[in-house]
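First comes the structure, then the notes that go with it.
The values are calculated or read from the model by the stated rules, or taken from the named source; none is laboratory data. Only a predicted model underlies this, so the values are computations on that prediction, with no experimental measurement involved. Cβ sites come from the backbone with ideal geometry, for glycine too, and all protein chains shown count toward neighbours.
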There are 2 protein chains.
Amino acid sequence: MPKVSSQWLQSVLGKLYHGRAMTRSAIVRATSLNPASVSHALQFLLNRGVIFKMGTLRSTGGRRRDLLRLNAEVGFFVAVDLEGTRLRFALTNLVGDIRYRWAEDLDFGQPLKVDRIVNGISTVLGNLDSSERPRVLAVGLSYPGFIDGAGRITAINQGWHRMPLLAQLRKAVDLPVFLQQAGRNCILAERWLGVAKNSNNCIYLILGSGVGIGGFVDGKLLDGSNRMAGEFGHITIDPDAKDRCNCGKRGCLEAIVSSPNIVRQYLAKMDSPGNGAASCSVAEVFAAARRRDSAAMEVLDRVCKCLGLALSHVAMLLNPELLVLGGDIAYGEDVFLPRLKEQVRRHIPAGFPHSFEIKLSSLGLDIGLKGAASFAFLNSLRDPALLGRICTPPFSGMHVTEMKLPARTRTKAAAKPASPAVTRD
Amino acid sequence: MPKVSSQWLQSVLGKLYHGRAMTRSAIVRATSLNPASVSHALQFLLNRGVIFKMGTLRSTGGRRRDLLRLNAEVGFFVAVDLEGTRLRFALTNLVGDIRYRWAEDLDFGQPLKVDRIVNGISTVLGNLDSSERPRVLAVGLSYPGFIDGAGRITAINQGWHRMPLLAQLRKAVDLPVFLQQAGRNCILAERWLGVAKNSNNCIYLILGSGVGIGGFVDGKLLDGSNRMAGEFGHITIDPDAKDRCNCGKRGCLEAIVSSPNIVRQYLAKMDSPGNGAASCSVAEVFAAARRRDSAAMEVLDRVCKCLGLALSHVAMLLNPELLVLGGDIAYGEDVFLPRLKEQVRRHIPAGFPHSFEIKLSSLGLDIGLKGAASFAFLNSLRDPALLGRICTPPFSGMHVTEMKLPARTRTKAAAKPASPAVTRD
């Protein structure tokens, strides 16, 4: 058997991750590799238990084609999500399914300590038994804000200014660490695992304690000249507004539409600004609007006006086909989304085909963790040592049995146990 | 000699177009092809006179490396530019150098007739003698507005609504026709031939009778889901403004910062709105501002305020490193640019590295024509028939002599005539 190039493996594993279950010919089409290379790579991966045959498709001509799938238990990732109001950790398998997770509250107004992140990672690892520990490949981490060339992060809401996160984690954690900015992380998760799976021009908008964008533009993750694209929370959306942003400017989008600022405006209208955000959540503002409370409706009108205007700029500039909304918006889809759509529409000229679909994220609060795991997987494929480990799982040489397929797929299912259980020969 | 793949030729010719003069090893690096493939492709192209050796570089180690260059006379393009206040035509050589050109006035307020475009193309072709005519490969055309899947163009300022331009040109012109939207066309020209040559994240802003953007994002031409990205003239930049745009909305960026609208606002302040745009040009408004005329300065202040705000949104969203301004701004760089830069700066938060360089286009009014020719060349490489014609020039088999290099490059120039003249063996 000829040598299997790591480029073939990378390419085949990447497509199988995205496609989940694929035939050999679908993989050939997706990778643009030559069919012989794909066959060699697939045989290599099958021999080592990295992929398995999950059944057989029978085409109209009667030809049988094996349906192949990644063995999700080949490796694990530790996923960490720093975006939002809580600190989240999880152990995921190779394809981003969460095995266990937990979240800790963040102390707002206090800078986040790296020790807490390191402890969280250690706790995840401590939960594994000695046979599982070697299967952990890397840590994926989603951070808000932006990073410089030296891996130092500036994140206003976390109280970080050029925090050398990467260096500190590398010192404290005995695993490769991959950092991804939260907006990019979320759109990556939506593209790999969520509602944006088939979209080449899509935008993910985080609406939570912060506001940011991650985008796929013409099939490529939006990065920018120093990887700072998507800092959309800090566009000046209303130059005359008095709302002061944490960044120091006035009239930023985030200063008007982030969850704490929705609450702030609502409390101000209720004449109780002194109570602060802790006394009310954004879900309560949505609930008040649902009751047709005039203060809540006025606040949401202003929020949707500003956000709709901002999103119409994205539409005219980038012409996406899909916008995915994530974060606290989930609590108020009914009162928020129709208002927002109306405001976006107002600013797109009649006859211009710049409208886009707006969907809520299907990944909910797990999106940061799932994105971090996806990102770690993608980067592991590009790292020769990690690719080698993926292709040499601890149970390498074992045999993975075929599994029964749901009846609706046109397959001839193998008469073997239903779960993709790993069994010895 | 092994078969030369058209993918190798495409790749090598593309890189030579961009790099202008390159060594074999630089081409290998740039194409990521294997060195043997590059050598075969180069020998094939040298044999046919499509490229030539323009001299020899001597490296510090004393090794000689041939410097290779595209033979620009291998083929011609007809370039057409519909953007702006005049209709422009040119004949260019393979690398976009203009051999001859002319421009016709457009009748504003009247829909542009396709016959005028067809006649222009015929006149360009009629100017060639019978030995040159076969070398014309294709027509490249730059259009304002946007196109649908059937090649129908909607361009407000040209009075076109779903005008089937591609179909009409294909019927009337006996050459392949490649249409490119003006914004994309301009950034392409700046990337291939102008000031954005080394930039992977750059924006071209047209400021003229219309306003639009063409962008390179992470090294890729910005397209969008239905190829309508960059319609930046129609973002609502001031929701409270009364300025009505040709698109029907109020407060569009174009309704405030396009040349006719700069003139309109100036005349309104001078109490002579009835005179219309014809009585004054944007250059005169710039000249008045230079004399510190208060009406002109007020107008430019408003224009820069709106444009600066809009560009800061582009900065936060796309994080480009370079913005190239083209069009009528050339008449007022001194009075316009400092004001504009100040306004962009205001809206970028302190400490955020989202600033970008702003340069004026170096290609001036030829940018549309040069872009159209570049676009036609790029597309010709992807078209098997046209690639075949580029690789089989009428003088195929002739020998192209080496040329003397300017003294400042460290080369050993060949002792042959100075110009890249085509001579027989």
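Observations on the model:
- Residue within region A:390-404 that is more than 14 Å from chain B (Cβ to nearest Cβ), assigned to a helix (DSSP H, G or I), at pLDDT below 95 and farther than 30 Å from A:Arg291 by Cβ present: yes
- Residues that are among the charged types (D, E, K, R) and over 30 Å from A:Asp301 (Cβ atoms) were ranked within region A:334-392; the one that is nearest to the chain's Cα centre (by Cα) is A:Lys370.
- If the condition is being more than 14 Å from chain A (Cβ to nearest Cβ) and surrounded by 21 or more Cβ atoms within 10 Å (Cβ to Cβ), then region B:352-362 contributes only B:Ser361.
- For region A:369-383, the condition holds for at least one residue, the condition being that it is within 20 Å of A:Gly208 (Cβ to Cβ), of a type in the set (A, V, I, L, M) and either without any contact (Cβ under 8 Å) to a residue 24 or more places away in the chain or touching a helix residue (DSSP H, G or I) at 6+ places or on another chain (Cβ under 8 Å) (or both).
- Some residue of region B:239-252 being within 10 Å of another protein chain (Cβ to nearest Cβ), modelled with pLDDT of 95 or more and at positive phi: yes
- Test: residue in region A:302-324 that is assigned to a helix (DSSP H, G or I), among the charged types (D, E, K, R), out of contact with any Leu (no Cβ under 6 Å at 6 or more places or on another chain) and farther than 28 Å from B:Glu231 by Cβ: no
- Every condition in (1) closer than 30 Å to A:Ala196 by Cα; (2) surrounded by fewer than 23 Cβ atoms within 10 Å (Cβ to Cβ); (3) modelled with pLDDT of 95 or more; (4) within 12 Å of chain B (Cβ to nearest Cβ) holds for A:Asp223 except the one numbered (3).
- Out of A:Ala41, A:Ala72, A:Ala79, sole residue that is within 25 Å of A:Arg133 (Cβ to Cβ), touching a residue at least 24 places away in the same chain (Cβ under 8 Å), in contact with a Phe, Trp or Tyr (Cβ under 9 Å, 6 or more places away or on another chain) and among the small types (Gly, Ala, Ser): A:Ala79
- Only residues that are touching a strand residue (DSSP E or B) at 6+ places or on another chain (Cβ under 6 Å), closer than 23 Å to B:Ala283 by Cβ and of a type in the set (Asp, Glu) were counted across region B:334-362, and they come to 0.
- Residue in region B:283-305 that is within 11 Å of chain A (Cβ to nearest Cβ) and more than 27 Å from B:Asp81 (Cα to Cα) present: yes
- Single residue of region A:352-380 satisfying the filter (at pLDDT 90 or above and either of a type in the set (D, E, K, R) or in a strand (DSSP E or B) (or both)) that is farthest from A:Pro338 (Cα to Cα): A:Lys370
- From the list A:Glu231, A:Glu190, the lone residue that is buried (at least 22 other Cβ atoms within 10 Å of the Cβ), among the acidic types (Asp, Glu) and within 11 Å of chain B (Cβ to nearest Cβ) is A:Glu231.
- Any hit, region B:226-237, residues being farther than 15 Å from B:Ala182 by Cβ, at pLDDT below 95 and part of a loop (DSSP other than H, G, I, E, B): yes
- Of all residues in region A:140-183, those being among the charged types (D, E, K, R), touching a strand residue (DSSP E or B) at 6+ places or on another chain (Cβ under 7 Å) and within 19 Å of A:Leu386 (Cα to Cα) number 1.
- Residue selected from region A:133-152 under the condition outside any strand (DSSP E or B) and within 17 Å of A:Asp223 (Cβ to Cβ), by the criterion nearest to the other protein chains (Cβ to nearest Cβ): A:Asp148
- Given (1) crowded, with 21+ Cβ neighbours inside 10 Å; (2) farther than 24 Å from B:Phe356 by Cα, number of the condition A:Gly214 does not satisfy: (2)
- Residue within region B:50-65 that is within 27 Å of B:Gly212 (Cα to Cα) and surrounded by fewer than 21 Cβ atoms within 10 Å (Cβ to Cβ) present: no
- Condition check for A:Leu106: of a type in the set (A, V, I, L, M), closer than 17 Å to A:Met228 by Cα and within 23 Å of the chain's Cα centre (by Cα): no
- Residue in region A:153-167 that is nearest to A:Leu82 (Cα to Cα), counting only those that are surrounded by fewer than 17 Cβ atoms within 10 Å (Cβ to Cβ) and in contact (Cβ under 8 Å) with a residue 12 or more places away in the chain: A:Gly159
- Qualifying residue in region A:209-218 (condition: closer than 14 Å to A:Leu188 by Cα, without any contact (Cβ under 8 Å) to a residue 12 or more places away in the chain, assigned to a strand (DSSP E or B) and facing chain B (nearest Cβ under 9 Å)): no
- When A:Met228 is tested against the conditions (1) over 19 Å from the mean Cα position of the chain (by Cα); (2) of a type in the set (A, V, I, L, M); (3) under 22 Å from A:Asn157 (Cβ atoms), the lone failure is (1).
- Test: residue in region A:14-23 that is more than 24 Å from A:Ala189 (Cα to Cα), at pLDDT below 95 and buried (at least 20 other Cβ atoms within 10 Å of the Cβ): no
- Of all residues in region A:310-351, those satisfying the criterion of being touching a residue at least 40 places away in the same chain (Cβ under 8 Å), of a type in the set (D, E, K, R) and more than 7 Å from chain B (Cβ to nearest Cβ) are A:Asp328, A:Asp334.
- In region A:74-128, residue surrounded by the fewest Cβ atoms within 10 Å (Cβ to Cβ) [restricted to those that are modelled with pLDDT of 90 or more and acidic (Asp, Glu)]: A:Asp115
- Strands (runs of 3 or more DSSP E) within region A:1-94 that include 1 or more residues outside the structural domain of A:Pro144 (by TED's automatic domain parsing) and touching a Pro at 6+ places or on another chain (Cβ under 7 Å): A:51-58
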